[in-house]
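The values are calculated or read from the model by the stated rules, or taken from the named source; none is laboratory data. Everything quoted here is computed from the prediction, not taken from an experiment. Here the Cβ is made from the backbone with ideal geometry for all residues, glycine too, and neighbour counts use every protein chain on show. In case anyone asks, the SASA skips ligands and DNA or RNA and just uses the protein heavy atoms, side chains included. Shrake-Rupley method; radii C 1.70, N 1.55, O 1.52, S 1.80 Å.
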Amino acid sequence: MRRRALLPESLQIVAVIRLPVSENRRSGRRIHTSDRRRGRGFLWAIWIPHPRSAFGRGSNALASKKRSIDLGFEGVGEVRREEAETRFARDSRAWRRILALASLAALTVGCRSKPSATTVVEFWALGREGEVVQRMIPDFERRHPGIRLRVQQIPWSAAHEKLLTAYVGEAMPDVFQVGNTWIPEFVALNAIEPLDQRMQSSTVIAVADYFPGILDTSVIERATYGLPWYVDTRLLFYRSDLLERAGYPAPPRDWRAWVDAMTRVKERAAPGDFPTLLPVNEWQPLVILALQLGADLLRERDTYGDFESAAFRAAFTFYVDLFRRGLAPLATQTQVANLYQDFARGAFVFYVSGPWNIGEFRERLPASVTWATAPWPAPDQRYPGVSLAGGASLAMFRGSPRKDAAWQWLEYLSEPAQQIALYRLTGDLPSRKSAWTEEGPAGDEQTRAFRIQLDHVRPTPKIPEWERIADEITRHAEAAIRGQVTIDEALAALDRNVDAMLEKRRWLIERGERLPS
Amino acid sequence: MKRILTVTGLYALLGIGVVLTLSPLAWMVSASFMPTGEATAVPPRLLPSRFTLDHYRDLVTRMNLVRHALSSTLLASATTAISLLLNSMAGYAFAKLRFPGRERLFGALLAALVIPAQVSMLPLFLMLKQLGLVNTYWGVIIPGMASVFGIFLVRQFALSIPESLLDAARIDGAGEFRIYWSLVLPFCRPVLVTLAVFTFLGTWNDFLWPLIVLADDDLYTLPVALANLLGEHVQDTELMMAGSVLTMLPVLGLFVALQRYYIAGIMGGALKE
Amino acid sequence: MTAAAERSSAPFRVSPGIAFVAPALCAIVTFFFLPVAGAVLLSFTDFDIYAVASWRNLRFIAFGNYSRLLRDPLFWIALENTLYFVAVGAPLSMGVSLGAALLVNARLVRFKGVFRTLFFLPVVTTLVAVAVVWRYVYHPRFGLLNQGLGLLGVGPIDWLGDPRWAMPSIILMAAWKNFGFNMIVFIAALQSVPESLYEAARLDGASFPQQFRHVTLPLLAPTFLFVSVITLIGYFQLFAEPYVMTQGGPANRTLSIVLLMYEQGFRWWNMGYAAAVAFVLFVIILCLTLVQTRLR
């Protein structure tokens, strides 16, 4: 059982203890008999009878008999009246302390929800946004005097489990930030509220103002379950100086040019340096390439893998070829000792990443390093190529008793002005096109490529099993890259495993359950 | 001469051991008093250039650590109190009171020690959810209310209560509970103190179960709050060090004050029955 | 509570022993044994996120989870990591404990109590707090360890980021945290070795290493067994250190079985699968414990 509760965390004990005979000392202290204590309010609820009064009279008879027995033990057994009472006094003091603590607990626990005129909206924010959003609260509360906002900040690493545990434990907040890829799970749980009606009647929110691909991530079965808060996508970061030296003053616009650029870079590169860094434990580049070729990844209402289709096969082959031709190194993300140092050194020219690295690159790279961002090259002439729709959305808990107040907060955060404020505080890119002002994100040279890309993003399959499927894709891709399996074998195995993962989804759909897809 | 060499050698080894053992803790304390950014300076500083209480103040005022400390204290005290009562009653019964199936029951309980606690956590969580105890203090206290180890400790000690004492009390007409309360408990005071220290320390330091059960950050215990803090403030070395110090201080104090009992509880014959 | 006091005189006799044992037993059965049984049952179902939404989405799949477990590369990685941790960490920890016990218990050493307490201090510290501290100690640039190694001329090692060094880092930290505990047990055992045996050995001209081999070790054998059993049981349940310090990374090199169970169970809510993992862990521990005690 809770053996761990007793012992140091990493060890448990199976021990036979032989303790020395006790050293019951005689205490000659004065008697502190005290009467029963009656308390008020909470104290009543947890009143514990005074030990002595519970079985008062017998102790005297007991004590007098004891004295006549010679027990032969040092200090044990001579239960004298004073000692008995002192022990009771000691015990009763201990009991009263416990009482006090328990009532303190009851008070603190009981006092958590104060009925008052103002509505308190509980908001869970993840990561850095959680800290930063605190600064936006005073303005909101001024504008909506009847609403008070309470923010709880949760680190990204614990966010997924915290949200689900809160749902199971019925301790969900009213509004919460959620990663876009998690929305299908919460819809499956029936935990979030569809927002279409509110969105349409809102004066602040213009549905057309959102990037369509991004908004699409929150739309499941034609109902919108989240308002995109900030956006995220991946595109190419590259060393513009090295690329120019290889004969490409402008970034490549299609796959053929990209491969050509990489080949030229490789010719001039030192051994051990590669044109592009594609960590093999990241699924995003491969999936992006597949999406660009129009692959659907899953078929038949997302119940079967579609990885042996022509489109995915072509993307997969292209991806694996990059490694086989030596254009990308065989390294996982963690094996790259220091991404920034290597980039500065010119160990690679292209890197697929997201907006968070704009700030990091600016901070960590020396000024002499010229780098830039560019949208994805397309497989054909329709520049740019599609990328992933990512980011975080704001969702409302379906069981919240204060949805109207929660909606006010959602609206507030979705105002273009607030999105610009968030951008200034964190560097997160706004999800509304009107927030891309010249003074804000659009004025930033490196961010402009994201603006272009965001008009060309697609979501991944919107099912709860997606993360597991993504992991599976990574695993098989790595096996193919390392030459452990052929491409055909990898794709067939991938299809098989994904089909097995989706088996339950198929069963539920056959039973007629309404499922997100 | 050889003796002096041996002694010096022994003390030297011991000294090195102490330095290696305590250096992370010493650095932790030292870093918690450093101004921001100093702990991560290269070359390293071992002592703060300027003694500052900023981080402690931050923790107490902004991060609400006092609330978490109170949570931890409350949970640890409540669990200790309840578990002392339950375990001592059961331990005494297994030692001195006869009832059918006593030995077999005790054997079964001992066998349970091999089962890792994590096996029970998932269904226990679901069970507490049905009872509505998730995200409450009781959800943390209840699974720790009684433990096989506690019963075991008390039983071993209670075996040495002289039968004659109990018989005499029974002859006098004292009820069983009175005997337990006024004879057995005082007799067992050392093992009870040991058990209390073990339970308090263990509950205070417990991490996984409060992490699972408590969703509201109001209710977080110190270790959970600290882990949460780490998620966000991994860059603030000094702040995290101060948080660690505050988390550890009570249990270290308790341990140093009562180490006699704690260590006596572990020593004394490591034989398995 | 006080009802039990008068039970001996009540007409309906409940054996006082049962009355005393009842509360603790009820608590243990309800909140431990029942969940363990539930875990076994859970492992035969495919409880997942859909089942959280509705009980009707639950299916009984017999050994489906177990066969999935056996085919899951992540499980084998976790098992391998855990075995690595146990195989290297347990002997290391026990060796350090024994060494410390011998040092502290040496005849010529005074202030035994002080040293004993100092060595024991890491054991009572909060694991999360020390994991935080050690995370900084292991930092590649300004961590104490790399600074110290730098003095010796060894280049900086990315302790927690390099897949080769991540588990050794955790092993080292676990040894530091736990050696005090076993040290106490060893001290107790050493103190129970009669001094006369050592004197006899010395009279026969035995040097200290020989005394150690022929007097100390054989008498310490049962303690060794005991310590190794409890250390093993504890080490197999490695969780908090990787959870706080590395989150199972890098590249899943510090993913332990309990961490896998936690992630599957509480992060992705594949509770049926997680219960199967937990049960397999239990079986492994049980087997190893039995093997060890039979070897005696």
Study note, to complete from the structure: Across all Cα atoms of the protein assembly as shown, Rg and the largest Cα-Cα distance (Dmax), in Å, are 32.3, 108
Revision key, fill the gap. Taking Cα atoms, the helix B:118-131 axis meets the longest principal axis of chain B at an angle in degrees (rounded to 10) of 80 degrees
Practice item. Assign unit charges at the C-beta atoms only (+1 for Lys and Arg, -1 for Asp and Glu), then state the dipole size of segment B:53-271 relative to its Cα centre in Debye, rounded to the nearest 20. Key: 840 debye
Point to revise | Estimated dipole of segment B:141-236 in Debye, rounded to 20 [Cβ of Lys and Arg +1, of Asp and Glu -1, Cα centre] | key: 560 debye
Check your understanding: Going by a ≥ b ≥ c, the root eigenvalues of the Cα gyration tensor, does chain B fall in the rounded group (a/c under 1.5), the prolate group (a/b larger than b/c) or the oblate group?
Key -> oblate
Review point. Using a 1.4 angstrom probe and counting only protein chains, how large is the accessible area of C:Y262 in Å², to 10?
Key: 10 Å²
Practice item. Using label points projected 7 Å from each Cα along Cα→Cβ, tell me how many nm separate B:D167 and A:A492, to one decimal. Key: 8.3 nm
Revision key, fill the gap. Summed over the other residues with a beta carbon less than 14 angstrom from that of A:G443, with K and R at +1 and D and E at -1, the charge totals -1
**Study point:** For A:E503, solvent-accessible area (1.4 Å; no DNA, RNA or ligand), Å²
**Key:** 80 Å²
Revision key, fill the gap. The correct ranking of A:W371, C:W165 by accessible area at 1.4 Å, largest first, is C:W165, A:W371
Exercise for review: Hey, can you find the accessible area per residue of the protein assembly as shown for me, probe 1.4 Å, expressed in square angstrom?
Suggested key: 40 Å²
**Study point:** Mean shadow area of segment B:15-110 over all directions, Cα convex hull, nm²
**Key:** 11.6 nm²
Exercise for review: Can you bin segment C:4-155 into rounded, prolate or oblate? Criterion: square roots of the alpha carbon gyration tensor eigenvalues sorted a ≥ b ≥ c, rounded for a/c under 1.5, prolate for a/b above b/c, oblate for the rest.
Suggested key: oblate
Review point. Using a simple spin-label model with points 7 Å from Cα along the Cα→Cβ vector, what separation in nm is obtained for A:Q341 and B:L46?
Key: 2.7 nm
Point to revise | Carbon plus sulfur fraction of accessible area for segment B:146-208, probe 1.4 Å, in percent | key: 61 percent
Study note, to complete from the structure: For A:K504, the aspartates and glutamates lying under 13 Å Cα to Cα, once residues fewer than eight places off in the same chain are dropped, come out as A:D302, A:E465, A:E513, C:D46, C:D48
Review point. Each label point is 7 Å from the Cα along the Cα-to-Cβ direction; what then is the distance between the points at C:A206 and C:S192, in nm?
Key: 1.9 nm
Practice item. For segment C:165-209, evaluate the Debye formula with one uniform point scatterer on each Cα (no solvent term) and list log10 I(q)/I(0) at q = 0.13, 0.26, 0.29 Å⁻¹, rounded to two decimals. Key: -0.53, -0.89, -0.96
Check your understanding: Taking the Cα centre of the protein assembly as shown as origin and charging only Cβ (+1 Lys, Arg; -1 Asp, Glu), how large is the dipole, in debye to the nearest 20?
Key -> 4580 debye
Review point. For the pair B:D218 and A:E221, what calculated FRET efficiency results from E = 1/(1 + (r/R0)^6), where r is the Cβ-Cβ distance and R0 = 25 Å, to the nearest 0.05?
Key: 0.10
Exercise for review: Quote the FRET efficiency, to the nearest 0.05, computed for A:Q200 versus A:E510 with a Förster distance R0 of 41 Å and r equal to the Cβ-Cβ distance.
Suggested key: 0.75
Exercise for review: Return one quarter of the surface area of the convex hull spanned by the alpha-carbon atoms of segment C:70-295, equal to its mean projected area, in nm².
Suggested key: 15.2 nm²
Exercise for review: Summarise the partner chain shielding of C:131-143 as one whole number: the mean count of Cβ atoms from other chains within 10 Å of each residue's Cβ.
Suggested key: 6
Practice item. Measure nothing fancy, just the Cα-based angle from helix B:222-232's long axis to the longest principal axis of chain B, in degrees from 0 to 90, nearest 10. Key: 30 degrees
Exercise for review: Using DSSP, restrict attention to beta bridges with both residues in the protein assembly as shown and report what percent are antiparallel, rounded to the nearest 5.
Suggested key: 65 percent
Check your understanding: Based on the Kirkwood radius over alpha-carbon pairs, what is the Stokes-Einstein translational diffusion coefficient of segment B:130-273 at 4 °C with 1.567 mPa s viscosity, in µm²/s?
Key -> 71 µm²/s
Study note, to complete from the structure: With a ≥ b ≥ c from the Cα gyration tensor eigenvalues, square-rooted, and the rule rounded for a/c under 1.5, otherwise prolate when a/b > b/c and oblate otherwise, segment A:358-424 is oblate
Practice item. List the accessible area buried at the contact between B and C, summed over both sides and calculated with a 1.4 Å probe, in Å² to the nearest 100. Key: 8000 Å²
Practice item. Just read off the accessible area of A:W124 with the full protein assembly in place, 1.4 Å probe, to the nearest 10 Å². Key: 0 Å²
Review point. Mind listing which GluC sites (Glu not before Pro) in segment A:123-190 are in a DSSP loop and have 15 or fewer other Cβ atoms within 10 Å?
Key: A:E170
Exercise for review: Could you pull out the trypsin sites (Lys or Arg not before Pro) across segment A:303-389 that fall in loop regions by DSSP (anything but H, G, I, E, B) with no more than 16 other Cβ atoms inside 10 Å?
Suggested key: A:R325, A:R382
Point to revise | Those trypsin sites (Lys or Arg not before Pro) in segment B:55-116 that DSSP places in a loop and that have at most 11 other beta carbons within 10 Å | key: B:R62, B:R98
Check your understanding: Protein chains only, probe 1.4 Å: how do A:L293, B:L13 rank by accessible area, largest first?
Key -> B:L13, A:L293
